[in-house]
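Nothing in this text is a laboratory measurement; each read-out follows from the coordinates by a stated rule. Source: prediction; values computed, not measured.
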């Protein structure tokens, strides 16, 4: 069983994430490529809230295809093109992922593959 935790001696997380995950030997790992705010029909969400929800929903759908849920995520990396998008992206994460709080990193970047992309999210999941 993967252990996700916040060890003593480290400041508590400032948002909905944990500091560490220990993945036991023999665990199946799933690496999820960066997901954008595009739905299954190729439609880009209108604005950060919709793009973020679609990106997180894409990750949840990929996990479900292998019988996993957001609670299996052991690493999450979110890229935003504007710091002001943080609140909307966090709300979308909470809506789609619920109480899952994997170790996470947020990066604010100058841009993504196309200027209309506002968010991209990568993930790694583990199943024992």
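Sort all Cα-Cα distances of the range 3-127 into consecutive 5 angstrom bins from zero, then give the percent of pairs in each bin up to the one containing the longest distance.
2, 11, 21, 24, 19, 13, 6, 2, 1, 0
Starting from the exponent 0.38 and prefactor 2.2 Å, build the expected Rg for the range 53-100 from its residue count and divide its actual Cα Rg by it. Let's see the in-between values first.
Numbers: Rg = 11.1 Å, N = 48, 2.2 N^0.38 = 9.6 Å.
Cα-based Rg divided by the globular estimate yields 1.16.
For every helix of n ≥ 4 consecutive DSSP H residues, a contribution of -39,500 (n - 2.57) applies; sum these over the chain, divide by its total residues, and give [θ] at 222 nm rounded to the nearest 500 deg cm²/dmol.
Details: 2 runs with 30 residues, N = 128.
Taking each H run of at least 4 residues, the total per residue is -7500 deg cm²/dmol.
Top mean-square fluctuation among 72, 58, 43, Gaussian network model of the chain, C-alpha springs under 10 Å?
43
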